[in-house]
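The values are calculated or read from the model by the stated rules, or taken from the named source; none is laboratory data. Not measured: the values here are computed from a predicted model. When we count neighbours, we look across all protein chains shown, and the Cβ atoms used for this are built from the backbone with ideal geometry, even at glycine. Each accessible area value is taken on the protein alone, full model and side chains, heavy atoms only, with ligands, DNA and RNA left out. Shrake-Rupley method; radii C 1.70, N 1.55, O 1.52, S 1.80 Å.
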Amino acid sequence: MDAVIATALRFGDNAMVLGQRLGRWVSRSPTIELDVGFANQALDLIGQANLFYELAGRLEGKGRSADDLAFLRGADEYYNVQLVEQPNGDFAQTVMRQVLYAAYADIVFDFMAKGSNDDLAAIAAKGQKEMAYHFRHAGEWVIRLGDGTEESHARSQKALDFLWPWSHELFAYDAVDEKMVRQDVLPDAETIKKQWMESLGEVFERAGLIINEDGWQPGGGREGVHSEHLSYLLTEMQVLPRTYPGTQW
Amino acid sequence: MSQDQTEQEWPLFEVFIRSKQGVSHVHAGSLHAADARMALENARDVYTRRNEGCSLWVVPSAAVTASSPEEKGAFFEPSESKIYRHPTFYDVPDDVECL
Amino acid sequence: MDSKQLEAFDSHVAGEGKVEPKDWMPDNYRQTLIRQISQHAHSEIIGMQPEGNWISRAPSLRRKMILLAKVQDEAGHGLYLYSAAETLGVSRGEMDQALLSGKAKYSSIFNYPTLTWADAVAIGWLVDGAAITNQIPLCRCSYGPYARAMVRVCKEEAFHQRQGFEGMMALAKGTSEQKAMAQGALDRWWWPSIAMFGPPDDDSPHSAQSMAWKIKRFSNDELRQKFIDMAVIQAQALGLEIPDPDLKLNEETGHWQTGPIDWDEFWAVVKGKGPCNRQRMTHRRKAHDEGAWVREAAMAFANKQQQKSEKAAA
């Protein structure tokens, strides 16, 4: 697959899956204000997915629309990192997942927006502002929970311990990514990992949370290898287009 | 007593939005938040979903000092009779330009 | 109560004067507004559930974004309304408790299920259509904060009914399966939508006083008629059939007449015997209970920060 198409699909899928996850919080959040906030973030992400898919479909030239790419690919054709498909869990787990991904996407999009591919740059420029806000919002919640009550601290540390192993995949570049680095579309893995650790380090320090490395580094999302969770998520999301093929809604 | 009655309620904030550069912040409504930064983010999410603003203020509602309706007369009626403060009070000939 | 004060209030309101939070007002006026505004807010919050049920399964990216934005608006509108009610001296916590304990009511239409995608769409078309009919006159309500909240709500909801109609149109003009889905949704939502305006005028205990106080501008039956006249024409444009064999145009009045509304069903649902009353309340309570530790943590954090800054200042 062409590296630009693959990159568009990967970031589209990251956004699609995470947006689908966040949408679940609407009407279930700790406050109504957070219902509104989660809906905003879900909308940002689904909007990003839509743009990345449109681009991928156009470059691919097989007449697949953004909806075709979202609703008619199985889990083994989804190329998101496994971090974003991890379950919502409690509120601590959701904001932790959000801060880990948003910090990464903020940095990547910032680079991509100035990078050599104009199509990706346009999408990234818009997405970067959104992800910078998600990072701020989620980061503040991680700090509040980490430094709130005993219970919220314990839940936050547990969420970090649970999700941390999946963070490694963000920087596990393959040949496609390396090609994109050479073409000045993606920043190199070492650079973003360093920046990412700096952004998050400050959050975790203020939250009083610690990173417990245990050596487990699951991955494979870029090649369509996923945890069991993704297939359920897609089955639910795709039920109507799959049940009624070729139908307009 | 239920848990909720012991739960400390989040304070109320008043939200002001500047809709575009060049105009004042205008009161838009109020909302609850645990702290001022959260109030700012809640205000962004709740009150500016449709491009309503380019700048936000949040102020703890408790910090607002208001005139009371009982004082309405004493506060505001004295200015009603000062009609000479308005340009329409003055008779000037119609044919003088630049006035 | 000071009768002169009351007289002055009544004539101020009768002359289209507005009432603001700190003004003197009869206790009944205050209580009526607290009840109405908080019920309205609760309806927005519970109303997120039946449509929210389809966010994860919306059939296209566009429909998913529209639905998310719409359900989000409902949350936002609930918040505008809660803060309008708070200006009358009731706290948000008290209102939350009233809803969670089952003491406060919300619009009973949300106790019906969204069984197919078309139900979620039909809510936009019919329920939002009915809500807008109800809400536009409230923009002129005598109580300032409520009227201002409603202006904001009506402005934002302008897209809700349109997207609902557009979504129905896509189904009604689609495959035979889609059309059947749309007709099924209309069959399920028609009667609850017209019952949503509340009991007929001769059976509506609070109406007369609310009209005199300019809280209400039109009677339940007047608003219902207005809605029916619009909805019948829209259903015709969609090529869908309204599930009422007695529906006919009254040539003299120019209004559409429906068959009898089943008020026994309406009252049964109001009293908790609808298909989803328990589910909606369980959902709301679960969100509230599971969020308790988050709200406590945020408050604890805020208190700690304040202590820190006070210490630093001392």
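Residue pairs whose Cβ atoms lie under 7 Å apart, sitting 6 or more positions apart in sequence or on different chains, and linking a residue in region A:221-249 that is away from every other protein chain (no Cβ under 14 Å) to a partner that is open to solvent by 80 Å² or more (accessible area, probe 1.4 Å), are A:224/A:76. Within the bounds of region C:219-236, is there any residue that is over 30 Å from residue C:8 (Cα atoms) and either without any contact (Cβ under 8 Å) to a residue 24 or more places away in the chain or outside any helix (DSSP H, G or I) (or both)? Taking every residue of region C:219-236 in turn, at least one turns out to be over 30 Å from residue C:8 (Cα atoms) and either without any contact (Cβ under 8 Å) to a residue 24 or more places away in the chain or outside any helix (DSSP H, G or I) (or both). Taking into account only those residues within region A:198-224 that are in contact with a Pro (Cβ under 9 Å, 6 or more places away or on another chain) and modelled with pLDDT of 95 or more, which is surrounded by the most Cβ atoms within 10 Å (Cβ to Cβ)? Filtering region A:198-224 for residues that are in contact with a Pro (Cβ under 9 Å, 6 or more places away or on another chain) and modelled with pLDDT of 95 or more, the one surrounded by the most Cβ atoms within 10 Å (Cβ to Cβ) comes out as A:218.
Summed over region A:147-167, the residues that are surrounded by 17 or more Cβ atoms within 10 Å (Cβ to Cβ) and either of a type outside the set (S, T, N, Q) or within 14 Å of another protein chain (Cβ to nearest Cβ) (or both) give a count of 14. Residue C:88 meets the conditions (1) in a helix (DSSP H, G or I); (2) more than 8 Å from every other protein chain (Cβ to nearest Cβ) in every case but one. The failed one is (1). When residue C:205 is tested against (1) in a loop (DSSP other than H, G, I, E, B); (2) surrounded by fewer than 17 Cβ atoms within 10 Å (Cβ to Cβ); (3) modelled with pLDDT of 95 or more, only condition (3) is not met. When each of C:77, C:12 is tested for being more than 8 Å from chain A (Cβ to nearest Cβ), under 30 Å from residue C:214 (Cα atoms), surrounded by 24 or more Cβ atoms within 10 Å (Cβ to Cβ) and not polar (S, T, N, Q), the lone residue that passes is C:77.
For (1) farther than 23 Å from residue C:68 by Cα; (2) without any contact (Cβ under 8 Å) to a residue 24 or more places away in the chain, each residue gets a yes or a no:
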residue	(1), (2)
A:14	no, no
A:19	no, no
A:52	no, no
A:65	no, yes
A:80	no, no
A:88	no, no
A:108	yes, no
A:111	yes, no
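Looking only at residues that are free of Cβ contacts under 8 Å to residues at least 12 places away in the same chain and basic (Lys, Arg) in region C:125-172, which one is most open to solvent (accessible area, probe 1.4 Å)? Applying the filter and picking the extreme gives C:162.
Of the residues that make up region C:100-113, is at least one part of a helix (DSSP H, G or I), more than 9 Å from chain A (Cβ to nearest Cβ) and among the charged types (D, E, K, R)? Give the steps one after another, and end with the answer.
So the first thing to find is which residues in region C:100-113 are part of a helix (DSSP H, G or I), and the list is C:100, C:108-111.
From the residues that got through so far, the ones that are more than 9 Å from chain A (Cβ to nearest Cβ) too are C:100, C:108-111.
This time we only want the ones that are among the charged types (D, E, K, R), so: none.
Scanning region C:100-113, I find no residue that is part of a helix (DSSP H, G or I), more than 9 Å from chain A (Cβ to nearest Cβ) and among the charged types (D, E, K, R), so the answer is no.
Right, residue C:228: within 30 Å of residue C:163 (Cβ to Cβ), exposed (fewer than 14 other Cβ atoms within 10 Å of the Cβ) and modelled with pLDDT of 95 or more or not?
Numbers: within 30 Å of residue C:163 (Cβ to Cβ): yes; exposed (fewer than 14 other Cβ atoms within 10 Å of the Cβ): no; modelled with pLDDT of 95 or more: yes.
In short, no.
Put simply, of C:193, C:204, C:210 the only residue that is more than 15 Å from residue C:130 (Cα to Cα), away from chain A (no Cβ under 14 Å) and in contact (Cβ under 8 Å) with a residue 60 or more places away in the chain is C:210. Could you tell me which residue of region A:65-107 is nearest to residue A:146 (Cα to Cα), considering only residues that are open to solvent by 10 Å² or more (accessible area, probe 1.4 Å) and of a type in the set (S, T, N, Q)? Among them, the one singled out is A:93. Residue count for region A:168-191, restricted to those that are of a type outside the set (Asp, Glu), part of a helix (DSSP H, G or I) and within 17 Å of residue A:10 (Cα to Cα): 9.
So is residue A:11 under 22 Å from residue C:297 (Cβ atoms), modelled with pLDDT of 95 or more and open to solvent by less than 20 Å² (accessible area, probe 1.4 Å) or not?
Values: under 22 Å from residue C:297 (Cβ atoms): no; modelled with pLDDT of 95 or more: yes; open to solvent by less than 20 Å² (accessible area, probe 1.4 Å): yes.
It is false that residue A:11 is under 22 Å from residue C:297 (Cβ atoms), modelled with pLDDT of 95 or more and open to solvent by less than 20 Å² (accessible area, probe 1.4 Å).
Taking (1) out of contact with any helix residue (DSSP H, G or I) (no Cβ under 6 Å at 6 or more places or on another chain); (2) assigned to a helix (DSSP H, G or I); (3) open to solvent by 30 Å² or more (accessible area, probe 1.4 Å) in turn, residue C:69 satisfies each apart from (3).
Would you please name the residue that is modelled with the highest pLDDT, looking only at residues in region C:290-312 that are open to solvent by 90 Å² or more (accessible area, probe 1.4 Å) and not polar (S, T, N, Q)?
Of everything passing the filter in region C:290-312, C:290 is modelled with the highest pLDDT.
Please name all residue pairs, on different chains or six or more residues apart, with Cβ atoms under 6 Å, provided the first residue is in region C:59-72 and is within 24 Å of residue A:246 (Cα to Cα) and facing chain A (nearest Cβ under 7 Å) and the second residue is of a type in the set (Phe, Trp, Tyr) and open to solvent by 10 Å² or more (accessible area, probe 1.4 Å). Filtered contacts from region C:59-72: C:59/A:249; C:60/A:249; C:63/A:249. Counting only helices (runs of 4 or more DSSP H) that sit completely within chain B, zero hold 2 or more residues that are open to solvent by less than 50 Å² (accessible area, probe 1.4 Å) and touching a Cys at 6+ places or on another chain (Cβ under 8 Å).
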